[in-house]
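As structure tokens, the structure follows; a few thoughts come after it.
What follows draws every value from the coordinates through simple rules; no lab data is involved. Note that the structure is predicted; figures quoted are calculated from it, not measured. All Cβ positions, even for glycine, are placed from backbone atoms using ideal geometry, and neighbour counts span all protein chains on display.
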Amino acid sequence: MNMNLGKTLSVGFLSLLLLVCLSACGAEETTPPAETTPKLQLNDDGTGIYTDLLTSGENDPLKALATVYFHYEGDAITSVDSVRVRAVEGWVSIQQDTELNAAGISYNEERSQAAVPFTYYASIGSGMAVYDNIVVVNLEYREG
């Protein structure tokens, strides 16, 4: 009878250990979804950061997060310094630094919006390729 009790306890302990392991593994596999709405950060020193999600591809969506660094004064964008991108979904690799087309930046009349063209390099698994994109920085997303 002691032998049966020992086997029952062993099986019970192993089952409990397996459940703990499975629940811990399952918790690690979930990742929060990427931010999909534009986000604007205006700093007191006149610098700002604007992030927006870039998407392409219909069957296998490619997603990257573009971050535009700029200067502003009041409600006007005074200059755009750089753009960086990072892979969110679908890319095998992506270079964070981009080539900003400073001559191609266009502003609205109040300079509260800027269309910022840039080029970045990324791969979906078959070598690096060149991609062109535009992010529209919009100070109207300011909170408050």
**Complete:** Between the modelled labels at Asn43 and Tyr107 (7 Å from Cα along Cα→Cβ) the distance in nm is 2.0 nm
**Request:** Give me the number: length gained by fully extending Ala115 to Arg86, i.e. 0.36 nm times residue separation minus the C-alpha to C-alpha distance, one decimal in nm.
**Result:** 8.5 nm
**Asked** Using r as the Cβ-Cβ distance of Ser126 and Lys63, and R0 as 22 Å, what FRET efficiency do you calculate, to the nearest 0.05?
**Response** 0.75
**Complete:** With bins of 5 Å, the percent of all Cα-Cα pairs of region 34-118 per bin from 0 is 3, 14, 22, 24, 18, 11, 6, 2, 0
**Request:** Let me know the whole percent of all Cα-Cα pairs from region 71-131 that are separated by more than 13 Å.
**Result:** 65 percent
